[in-house]
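Peer 1: Take a look at the following structure, please.
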Amino acid sequence: MNAGNLSGAATAVLLAIFIAGWIWAWSGRRRDDFDAAARLPLEDEPKERRQ
């Protein structure tokens, strides 16, 4: 296997990992977690400190 083939294989693997991460981030199961994270900067205090 020469350097060109190795470089192409590494690119394909990294592209597959990127696409898998993109699908994971945009899946419907993650929506509640990401919505909660998006509201964090707007909250006055973290929920643990409220009493």
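Peer 1: Mind checking the alpha-carbon convex hull of the chain and giving the volume per residue in Å³?
Peer 2: 120
Peer 1: Determine ³J(HN,Hα), in whole Hz, for all residues of segment 10-23 in sequence, where each value follows from phi through the Karplus function 6.51 cos²θ - 1.76 cosθ + 1.60 and θ = phi - 60°; x replaces Gly and Pro.
Peer 2: 5, 5, 5, 5, 5, 5, 4, 5, 4, 5, 5, x, 5, 5
Peer 1: What ranking of Asp35, Asp44 emerges when the number of other C-beta atoms within 10 Å of each C-beta is taken as an exposure proxy, fewest first?
Peer 2: Asp44, Asp35
Peer 1: Sticking with this structure for a sec: Please name which of Leu15, Gly28, Asn2 has its Cα lying farthest along the dipole of the chain towards the positive end, using unit charges on Cβ (Lys, Arg +1; Asp, Glu -1) and the Cα centre as origin.
Peer 2: Asn2
Peer 1: Using unit Cβ charges (K, R positive; D, E negative) and no other charged atoms, how large, in debye to the nearest 20, is the dipole of the chain about its Cα centre?
Peer 2: It comes to approximately 140 debye.
Peer 1: If you don't mind, there's one more thing I want to ask. Summing -39500 (n - 2.57) over the DSSP H runs of n ≥ 4 in the chain and dividing by its residue number, what mean residue ellipticity at 222 nm do you reach, to the nearest 500 deg cm²/dmol?
Peer 2: That comes out to -21000 deg cm²/dmol.
All of the numbers you see were taken from the coordinates with simple rules; none came from a lab. Every value quoted in this text rests on a predicted model; they were computed, and no experiment measured them. We place every Cβ from the backbone using ideal geometry, glycine too, and count neighbours over all the protein chains shown.
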